[in-house]
Amino acid sequence: MSRRRHLATAAAMPLQELERWLQERAERRPVATSIATLDGYVAAIVAGPVSISPLDWICPLLAVDADAFNHGGTPEFAAISAVARHHNDISNTLSTAPHRFQPMHQRKPNGDVDARPWCEGFHAAMQLRLLAWAPLLDLSNVNHGLLLPILLHCVDDHGRPLLGPARKGRETEEFLRNAHTDIPTVVEAMGQYWMPTRYARAG
């Protein structure tokens, strides 16, 4: 049994409890302090260009040490198990029923979808192997558009839009408001795009 599958079969923390647990350890600077950010991060791990060791992506996500993987029965191990299970759930959905994949977005006070936390989680996972993502970051690649519905919600280290300032106007506002609806489709397409090279590397 693989490490990830073993973790997923252990006693996993419910996602609602996991979110509270992450918020309580915010001073440790986990990548995610919300389930929306965690969900986006894990989706990028599943649909990304290379397979990554669970240690390499779960440790920064939860702000845990590698040794936490060796001690069952702790809150850290229950959180790790929850993430491993969520990874497997997303992987199974994208493999067997991609039309059912839905990002776990937050909502704004007015009820609109707030896609930024999910997209920032996805972008954070990209940073782990940014060189491998380079083909889709190349503006001359016709498939670069797969990243746009995600990256347009992200900001750089200075809080500036990652893709530059948006044009003013009602059309831009409408586009930004509805761009999140394309995310399920582009995540599935990215998984398909990377599949030949990802499995060639794994082999």
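The values are calculated or read from the model by the stated rules, or taken from the named source; none is laboratory data. As the structure is a computational prediction, the values presented were derived from the model and not from experiment. All Cβ positions, glycine included, derive from the backbone under ideal geometry; neighbour counts span all protein chains shown. Quick note on the areas: whole protein, heavy atoms, side chains included, nothing else; ligands and nucleic acids left out. Shrake-Rupley method; radii C 1.70, N 1.55, O 1.52, S 1.80 Å.
Based on the Cβ-Cβ distance of Arg20 and Arg107, what FRET efficiency does E = 1/(1 + (r/R0)^6) give at R0 = 22 Å, to the nearest 0.05?
Working: r = 18 Å, r/R0 = 0.82.
The computed FRET efficiency comes out at 0.75.
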Explain nothing, just the number: dipole magnitude of the stretch 89-157 about its Cα centre with +1 on each Lys and Arg Cβ and -1 on each Asp and Glu Cβ, in debye rounded to the nearest 20. 220
Reviewing (1) 54, 43, 32; (2) 55, 33, 26; (3) 74, 38, 30, the figure for Cα extents along the principal axes in Å actually calculated from this model sits under (1)
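With a 1.4 Å probe and all protein chains left in place, how much accessible area per residue does the stretch 20-96 have, in Å²? Kindly include the intermediate steps, with their values, before the conclusion.
Values: 3080 Å² over 77 residues.
Accessible surface, normalised per residue, equals 40 Å².
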Nearest-0.05 FRET efficiency for Val50 and Arg177 at R0 = 45 Å, using Cβ-Cβ distance, is 0.85
What nm value, rounded to one decimal, do you get for the distance between His158 and Asp67 when each label is placed 7 Å out toward the C-beta? 4.1
